[in-house]
Amino acid sequence: MISIDKYAYSSKLKHTDPLQKVTFALLTLAVCLWADNLIISVAVIFIMGGMTVSRGGTLLRFFIKLLLLPVSFLIIGVSTVAVNISEQPESLLAAIPVAGTWIGVSNEGLQEAIKLFFKALGAVSCLYFLSLSTPMVDLLAALRRLRMPKLLVELMGLVYRFIFVLLETADTIYNAQNCRMGYSSLTAGYRSLGSLISMLFIKSYKRSDELYTALEARGYEGELNVLEETYEKHWKGYVLAVTINVILVLSSIALKQV
């Protein structure tokens, strides 16, 4: 998360209007899910990856590394779609007999699993584009402009800030344990890990309570007012977002008719 924040603040697209980036990411995400097509999903991955790397300045290896993070979960998830149970092994590409039936992979199930895998990866790439080019402060500002409920926006901001409190507390406890040889052996490591988990909630809660008290002492009344940056607002960003998604929609319709 800290690495993603670093890239978001150093992105070349940081000063672009966040509402344009939100519009582009959500439109492309919606088209990717609607199209339900392997070619469109792959195209979305390349489009969002290209925008993030070439226009945003994110390192290609870092973007690929982020894309690989959900791959293991996706493989486990889509494997349930690819595997089928049938009484006729001829309909399966590969199968094993189990209690009078056959469990294996069918051609239709494999195609559906591959399509679902890349559709999910395309949706993730849209969110990566947004998170790697838009700091959380700018994203919250865009949500306010979209007239999202103030309570929801403030909760998002507070939860986001307290995540770093949690990480800082965990890092402090871990360093203290490590300096006292708390991870010198497997047994000691498990014992230290258990202690870290038990103490993490208590210390994080105390730290968050102190921060909330500090906010109230400074006149906090349910809304954090921050100065918004001046963004590069231009209609070309919206035109580009609509044009790309119109092309994707027309391509999807054409592929369905083939």
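The values are calculated or read from the model by the stated rules, or taken from the named source; none is laboratory data. Fair warning: this is a prediction, and the values are worked out from it, not measured in the lab. We place every Cβ from the backbone using ideal geometry, glycine too, and count neighbours over all the protein chains shown. Just the protein is used for accessible areas: all its heavy atoms, side chains included, with ligands, DNA and RNA removed. Shrake-Rupley method; radii C 1.70, N 1.55, O 1.52, S 1.80 Å.
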Inset, instruction - Name, by its number, the condition in (1) at pLDDT 90 or above; (2) within 30 Å of Gln257 (Cα to Cα) that does not hold for Thr52. - result: (2)
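Here are some residues: Ala35, Ala25, Ala8. Which one is modelled with pLDDT under 90 and among the small types (Gly, Ala, Ser)?
Values: Ala35 fails: modelled with pLDDT under 90; Ala25 fails: modelled with pLDDT under 90.
Just a single option satisfies the conditions, and that option is Ala8.
In the same structural domain as Val242 (by the TED database), assigned to a helix (DSSP H, G or I) and modelled with pLDDT under 90: is that true of Ile45 in this structure? Even if it seems obvious, please write down each step before you answer.
Details: in the same structural domain as Val242 (by the TED database): yes; assigned to a helix (DSSP H, G or I): yes; modelled with pLDDT under 90: no.
Criteria not met by Ile45.
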Inset, instruction - Report, by residue number, each residue of the stretch 181-197 that is open to solvent by less than 80 Å² (accessible area, probe 1.4 Å) and within 17 Å of Ile163 (Cα to Cα). - result: Leu196
Inset, instruction - Please verify whether the stretch 210-228 includes one or more residues that are over 30 Å from Ala35 (Cβ atoms), in contact with a helix residue (DSSP H, G or I) (Cβ under 6 Å, 6 or more places away or on another chain) and hydroxyl-bearing (Ser, Thr, Tyr). - result: no
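Checking the conditions here, which among Thr213, Thr230 is among the polar types (S, T, N, Q) and modelled with pLDDT of 80 or more?
On the way: Thr230 fails: modelled with pLDDT of 80 or more.
Just a single option satisfies the conditions, and that option is Thr213.
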Inset, instruction - Please enumerate the residues belonging to the stretch 55-73 that are open to solvent by 40 Å² or more (accessible area, probe 1.4 Å), in a helix (DSSP H, G or I) and closer than 21 Å to Phe118 by Cβ. - result: Leu60, Arg61, Ile64, Lys65, Leu68, Ser72, Phe73
Inset, instruction - Would you point out the residue of the stretch 74-93, among those that are polar (S, T, N, Q) and part of a helix (DSSP H, G or I), that is most open to solvent (accessible area, probe 1.4 Å)? - result: Thr80
Legend entry - Qualifying positions in the stretch 1-20 - within 15 Å of the chain's Cα centre (by Cα) and charged (D, E, K, R): Asp5
Inset, instruction - From (1) outside the structural domain of Val22 (by the TED database); (2) at pLDDT below 80, pick out the condition that doesn't hold for Trp235. - result: (1)
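Has the stretch 106-128 got at least one residue that is in the same structural domain as Gln20 (by the TED database), hydroxyl-bearing (Ser, Thr, Tyr) and open to solvent by 50 Å² or more (accessible area, probe 1.4 Å)? Reasoning before the result, please.
Taking the stretch 106-128 and keeping what is in the same structural domain as Gln20 (by the TED database), we get 106-128.
Cutting the leftovers down to hydroxyl-bearing (Ser, Thr, Tyr) gives us 106, 125, 128.
Adding the requirement that they be open to solvent by 50 Å² or more (accessible area, probe 1.4 Å) leaves none.
Within the stretch 106-128, not a single residue is in the same structural domain as Gln20 (by the TED database), hydroxyl-bearing (Ser, Thr, Tyr) and open to solvent by 50 Å² or more (accessible area, probe 1.4 Å).
So that you can scan it fast, the table gives a plain yes or no per residue for (1) surrounded by 11 or more Cβ atoms within 10 Å (Cβ to Cβ); (2) more than 30 Å from Phe46 (Cα to Cα):
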| residue | (1), (2) |
| --- | --- |
| Pro135 | yes, no |
| Leu140 | yes, no |
| Glu154 | yes, yes |
| Leu166 | yes, yes |
| Cys179 | no, yes |
| Asp209 | no, yes |
| Ala217 | no, yes |
Legend entry - Hits in the stretch 146-157 (condition: in contact (Cβ under 8 Å) with a residue 60 or more places away in the chain and out of contact with any helix residue (DSSP H, G or I) (no Cβ under 6 Å at 6 or more places or on another chain)): Leu146, Lys150, Leu151, Glu154
